[in-house]
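Written out below as structure tokens is the structure these notes cover.
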Amino acid sequence: MEFDPDCLFCKIIQGKIPAEIVFRNENVVAFRDITPQAPTHVLLVPTLHVANAGDLAKLSPTVLGALFTAACEVAASAGLDGYRTVFNTGESVGQSVFHVHLHLLGGRSFSWPPG
Ligand code: AMP
């Protein structure tokens, strides 16, 4: 694990900031979003500090895949029959925390295209 001491999500992974952790393995930690946009809104993050999904894809496709595998498990645990997964990559599309995180949203209906 490599942490950035100034990163909010690195602090959550290390237990320095409280969060409701719903899943953890060697490569992935999942916790509930503090401002949920759906009845289930979980953030899945790699234990390695990487800024965004593009950087993670280059660095470790395996860990990128592990985020989706974990999302599938969390969705099954929550009893979701469908769910949406989203990476915001870059400030211009709404990324606000620069430790890559996969949003898992479910428990309500969603429209398309997203806003
Ligand atoms: P994004 O805008 O895609 O970078 O998503 C960042 C997400 O992190 C937002 O949905 C926030 O609500 C969420 N967030 C910010 N601070 C915390 C926190 N302390 N615990 C859990 N989620 C957080």
| query | Round to a whole number: what % of the accessible area of the chain belongs to carbon and sulfur, probe 1.4 Å? | reply | 54
| message | Could you identify which residue out of 13, 34, 21 has the top mean-square fluctuation in a GNM of the chain using Cα springs shorter than 10 Å? | response | 34
| note | Semi-axes of the chain from the Cα gyration tensor (sqrt of 5 times each eigenvalue, largest first, whole Å) come to 21, 16, 14
| request: Please identify, among 81, 33, 55, the residue showing maximal mean-square fluctuation in a Gaussian network model of the chain using a 10 angstrom Cα cutoff. | output: 81
| request: Would you look at the GNM of the chain, springs on alpha carbons closer than 10 Å, and say which of 60, 92, 77 moves the most? | output: 92
| message | Quick check: the angle from helix 61-77's long axis to the longest principal axis of the chain, C-alpha only, nearest 10 degrees? | response | 40
| Placed amide H near residue 23: partners under 5 Å, 5+ positions off or other chain | 30
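The values are calculated or read from the model by the stated rules, or taken from the named source; none is laboratory data. In this text, all values refer to a predicted model and were calculated from it rather than measured experimentally. Surface areas here come from the heavy atoms of the whole protein model, side chains and all, with no ligands, DNA or RNA. Shrake-Rupley method; radii C 1.70, N 1.55, O 1.52, S 1.80 Å.
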